[in-house]
Structures are given as structure tokens and as C-alpha cells.
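Read the structure below first, then the notes.
The values are calculated or read from the model by the stated rules, or taken from the named source; none is laboratory data. This one's a predicted model, so the numbers in the text were calculated from it and none came from an experiment. Reconstructed Cβ throughout: ideal geometry from the backbone, glycine too, with neighbour counts over all protein chains shown.
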Amino acid sequence: MTNKTISFYLCTLWLFASCNTYTTFYSRTYDKIPEKNVPTIHRLDLRNQNLTELPKTIDQIKDLRMIDLSSNPQLDLELALEKLSIHNSLEVLILDSLDIKTIPKSIKKFSNLKQISLVHNPNLRLDQVISQLSELPIEFLNLKDNQLTKLPENITSLKHLKDLNLSYNSITDSNTYIFLGRLPKLYSLWIDHNELKTIPKTIGKLAQIRFLYLDHNSLRELPDELIDMKKLWVVHVGYNKFTELPSVFARMKVLLMVHINNNDITEIPKIYETEKYALAGLLLDNNPLSNKEIERAKRIFKGFFLLSFEQKLYE
């Protein structure tokens, strides 16, 4: 087994080993609370139920870990969070599509809150929201589809943050990457579907992250500063407008996997024949590579753990 393969296996095993919160994420999900004999409920999904307030029996639940209050725009969120605050075990709070501007101060009572989702709240006053969350152990923040063009500097106060979803926004601000570079535990970053034509050079400040999602944009090239992302394992750049495999990947010493499917790639640069790199997986599906270039690529990357050239869109 090659060193590349071993590294890839270790990366994969680490990822699966970290998913040890079965109770919070995989136990039974209830969509209502029984009026009598309330059972132990770990997951409660109350989304899209035209709620103005929470059910009266909410305080009878034991060991609540996750609650979804999404798509209840008439919900009195301040009162709802006050009622929920007795649940010290709550780890996941989903507040999507509530048309909220900020979050009540009572959010600070959720001392074990690790994940919060605020998808599709386009009027969100993000700096105020982050201020309210700054004292909590937030590890995952979902800000998808909020018409964001930048992040406020106080994002740096979320010192426990590991995963940040910024999909379906329009973030082009270079300072945003500088701020994110100050989050010591940031592990995964989603900036897909952001209508990006270029990536700021300041992306090199993200020296701590392992997984980067830049797919579904309009990128034609990547800045050389990616080589400063010294811990990056996996990058997703599918559904962009690359015409050749970016040469910067050959100069990234720990990069293991590149997803660059559904682009306009016709050529593999010669640097991949001469440079030493850690890359061990490459998905080039649905790129208009000639048969000759595919055969050449197979020779160049013959030791890879994963290599794919399926051309379904070009048959």
C-alpha cells in the first residue's frame, strides 16, 4: 500500500470516527409531542406547522438534543427560546426561513448548543447574531442563502467553530477570508453557489481548514495562494469553468482529493508529470477530455487511490 493510499485511508477513517453523536443525529425524530405520557424525545421537528408558540408539553420532554422550528414565520421566537431554555441538553437548533433579523438574548442560556442553522433569513443582522452566539460552544453555523456579500469581523469570536456553510450567497469580500483565518478550529468551509468569478488571494489565510467547497461557481482559475493552505485535504471545484486542471494543486503538499467534475477541462498541465505531490484522488467526470488526454492522465496518475473520467455529458 502506497503512502498516498495510507494517508487517504487515515483521512477517511478519522472522518467516520468523529461521527459518534448517534443520539443527537440519528435517533427517532418526532413531529409532535404526545399530550399524555410524553416519552424521552431527542429530536423534535416542528417545522412548517403554522406555530405562533411552542406546544405546552415542551417542558415535559426529557433529554431534548435537536429541535427544528423552521418555516413558522409567526412564531414568537423570544418566548419560544425562553420555554426551551430548560433543556440544557439541546445541541442543535434550526431556525431556517423564519424571517428573523436577530436572535433573542435568551439564546445564551443554551450552554451546550453546538449547531445552529439560520438558512434563508435574508434580513439577518449578522453582526448582532454573532454577538449573541459568541459565548456558546458553536461548532457548526449554517448561513446558507442569506444574500451575504461579506462576513463581519466579529465572526472571529466564534472560537469553537469547525464547520461554516456560506452556500448560495455572493461573498466576494477579501477581508472575509482574513477573518475566517483567525478561527483556530475551522475545519470545513462551503462557498459553493456564490456566483464567484475569482477567489481573493486572501484565501491563503485559511491555513487551518481541511475541506473546501467551491463548486457551482464561475471560476476559471485559482490563486497561487492556495499553497498556503497547508492543511487542506479535499477541495471541491466541480461545476465551474476551468479549461485545464489547475497547476496549483501539484504544489500543495498535503492535498489528497480534488473533485473537479463538470468543467471544460481539455488538458492536464505537464507539472503533474514532474512535481511530487500528495494528491491521491481525482474526479474529472464530465470534462471534454480527448481519449488521448485521458490515457495520458491515467499514466500520470496511475498510483492514485481514486481516478475517474466518466464522460456522460459528452457521449
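When the residues of the range 138-153 are narrowed to those that are outside any loop (DSSP other than H, G, I, E, B) and in contact with a strand residue (DSSP E or B) (Cβ under 9 Å, 6 or more places away or on another chain), which ends up nearest to residue 120 (Cα to Cα)?
142
I need the full set of residues from the range 73-85 which are more than 22 Å from residue 112 (Cα to Cα) and surrounded by fewer than 20 Cβ atoms within 10 Å (Cβ to Cβ), in order please.
73, 74, 76
Does the range 161-214 hold any residues that are out of contact with any helix residue (DSSP H, G or I) (no Cβ under 6 Å at 6 or more places or on another chain), outside any loop (DSSP other than H, G, I, E, B) and not hydrophobic (A, V, I, L, M, F, W, C), and which are they?
Selection gives 163, 165, 175, 176, 188, 213.
Can you confirm whether residue 156 is in a loop (DSSP other than H, G, I, E, B), surrounded by fewer than 19 Cβ atoms within 10 Å (Cβ to Cβ) and among the β-branched types (Val, Ile, Thr)?
Judged against the criteria, residue 156 is not a match.
Hey, among the residues in the range 41-67 that are part of a strand (DSSP E or B) and under 17 Å from residue 112 (Cβ atoms), which one's farthest from the chain's Cα centre (by Cα)?
Selected residue: 62.
Out of 70, 18, report the one residue that is surrounded by 14 or more Cβ atoms within 10 Å (Cβ to Cβ), closer than 23 Å to residue 112 by Cα and either modelled with pLDDT under 95 or among the small types (Gly, Ala, Ser) (or both).
On inspection, the qualifying residue turns out to be 70.
So residue 232 passes all but one of these: (1) buried (at least 19 other Cβ atoms within 10 Å of the Cβ); (2) of a type in the set (A, V, I, L, M); (3) not in a loop (DSSP other than H, G, I, E, B). Which condition number does it fail?
(3)
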